[in-house]
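Here's the structure, in structure tokens; my notes come after.
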Amino acid sequence: MAKQIYIEKNHFMDSVRLMGISSRLVSRDNIDLAEIQMGTPANQSVIRSLGFMLPDDVGANDLIIALAGDSQEALDAASDELQRLMTQGSQSPDQRRYSSLDQIDLTDDPYDLVQISLPGPYAAAEANKALDLGLDVFIFSDNIPLADELQLKRKGCDRDLLVMGPDCGVGLLHGIALAAGSIVRPGPVGLVGASGSGAQEVACLIEKGGLGVSAIIGTGGRDLYPEIGGLTMLQGLKRMVDDPATEVIVLVSKLADRQVMDRVLSEADASPKPVVAIFLGADDSLYARHHVHAAFNLEDAATKAIELVTRKAVRLSRPQQVLAAIARQAVVSLHTDARYLRALYGGGTFAEESLLDLRRQLPDTVFYSNIKTSFAKRLDNHLVSQGHTILDLGSEDFTRDAPHPVFDPAIRLKRFEQELSDPDTAVLALDFITGPGVHPDPAAGFAAAMEKARTARTTTPVVVVSICGSQEDPQDINRMHATLQDAGAIVAGSNAESARIVAEILKILEGR
């Protein structure tokens, strides 16, 4: 195998764009690895661990390109493609590119939003510049101090400007998908989400139910911390109330600070438009004093939103008896030693939603997870499964030194192959997330691994998957569905339905 390192001195590129370029390169024939990172100490350590030698003078502001392939000719061709992508990207001839916000004259270029994907130490300064220019801000960057987030959000509120983030993974404004978001068709439901994958799932299920969304306003995962007080969620709620295209509002979050959630729900009570609220993990007591339409999983939130618009009953998943029949058929060929669930989620909200649903249906069953939660025991080591294991592979445990699995599925695919070959594994659960900003073909490697395992062994684990995506996403969710089904997976209609199928399988296994 040929390997080569290229260094671009003092050449910054944001992480979203780097991951997109890396995915394009690794999809080329004869290219096995394309690691493109800024030269931070952590990234240098990762690249060295892959067997590459780095010059001593590499710094945090330098761009490192590490390529591995079948031959030097393949590397040279990939390098040429890399230079083209770096200079052109996805820019069309009528688009303009800037190296600084200081170069933008809004009288000439009437923008209304800036998406920021800079390293944390620089992101807050650029967000302040954007607010001074009168622009809404979408901050994909993480590692921004809470004090800076509070300052930015207070400044945004004072100027009636949105500050979405930090660490905001999903958004949809004026029909434009931001970061890892899906291209959901326009419609009458507006979403405000402190949970990125959760808001995206609700939006895509609304589309599946025949409607669309007016906007998805992401808040970042810390917005409902007591230090921040839900400032962006409250501001997003106000925007949705004022938006004539929005008929029903959905608030989406994981369980958060009780006082902040109560404040948000009290504001929602005053809304002239119906509000559906899901704070994943909350019970009836949270909603008892409020007038919102409470939901307890993401599918339920989408269902309630559609019914409020259409005033008709709707079902977004198959009846429980059908799911039970699917489970009975699936376990027939399982090896008698196979008994454990291994769930490998890219979306942290999907991991939590599944865990909550499994605990409701199997209250005496012990689950292990790397998620900090009262509903599962903490894994001794996130790299080694114990019993029924539910993993969030998008957590810092796995992304500290590697890209998030929605951008690069390599780490999750490796873990999938490991669990697939474990004779104790009875059922594997996966989520797949699509959109213009994420991996162009997230299911292909997993389907290939399933086909390979099925060819090599007489019995393999049951694989249950769900796809969070819209019809307009470039990955083609219908083709993904067919690819996964042909490889032997059970494809659920939602993450909640996937969890219900898994629960039925575990009930059968526990009854053996």
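Percent of Cα pairs in region 148-283 per distance bin of 10 Å, from zero to the largest separation: 14, 48, 34, 4, 0. For region 270-336, the set of trypsin sites (Lys or Arg not before Pro) satisfying both a DSSP loop assignment and a count of at most 10 other C-beta atoms within 10 Å is given as R289, R311, K312, R315. With N as its number of residues, the chain has a Cα radius of gyration that, divided by 2.2 N^0.38 Å, comes to 0.97.
Write down the percent of antiparallel bridges among all DSSP beta bridges whose residues are both part of region 107-310, to the nearest 5.
Percent antiparallel among DSSP bridges in region 107-310 is about 15.
Assuming charge only on the beta carbon of Lys and Arg (+1) and of Asp and Glu (-1), the dipole of region 376-440 about its Cα centre is about 80 debye to the nearest 20. Here region 334-396 is treated with +1 on each Lys and Arg Cβ and -1 on each Asp and Glu Cβ, and its dipole about the Cα centre works out to around 140 debye.
The simple Förster model, with R0 at 35 Å and r as the Cβ-Cβ distance, assigns T107 and A147 a FRET efficiency of 0.55. Taking 45 Å as R0, compute the FRET efficiency from the Cβ-Cβ separation of R454 and K238 and round it to 0.05. Here the calculated transfer efficiency is 0.30.
If the segment from R512 to H335 were pulled out straight at 0.36 nm per residue, it would be longer than the present Cα-Cα gap by 62.5 nm. Farthest towards the positive end of the charge dipole of region 275-332, among the residues V292, L280, A325, is the Cα of A325, using unit charges on the Cβ of Lys, Arg, Asp and Glu. Taking every alpha-carbon pair within region 2-88, the share separated by more than 22 Å comes to 18 percent.
Tally the DSSP beta bridges in the chain and give the antiparallel ones as a percent, rounded to 5. It would help to have the intermediate numbers written out before the result.
On the way: 19 of 68 bridges.
Taking every DSSP beta bridge with both residues in the chain, the antiparallel ones total about 30 percent.
Here is the P(r) of region 320-510: all C-alpha pair distances, binned every 10 Å from 0, give 9, 40, 39, 12, 0 in whole percents. Applying 0.36 nm per residue to the separation of A245 and K372 and subtracting their alpha-carbon distance, the gain on full extension is 41.9 nm. With θ taken as phi - 60° and the Karplus curve 6.51 cos²θ - 1.76 cosθ + 1.60 applied, the whole-hertz 3J(HN,Hα) list for region 243-252 is 7, x, 7, 9, 9, 10, 10, 10, 9, 10 Hz, x standing for glycine and proline.
The charge dipole of the chain, taken about its Cα centre with unit charges on the Cβ atoms of Lys, Arg (+1), Asp and Glu (-1) only, comes to about 1580 debye. Here D158 and H291 are evaluated by their C-beta separation; at R0 = 35 Å the FRET efficiency comes out at 0.75.
Calculated from DSSP H runs of 4 or more alone, at -39500 (n - 2.57) each and per residue, what is the 222 nm mean residue ellipticity of the chain, nearest 500?
Per the formula, -12000 deg cm²/dmol.
Every number in this text was worked out from the coordinates using simple rules, so none of it is lab data. Note that the coordinates shown come from a computational prediction; the quantities given were computed from them, not determined experimentally. For neighbour counting, all protein chains shown are included, and Cβ atoms are generated from backbone atoms with ideal geometry for every residue, glycine included.
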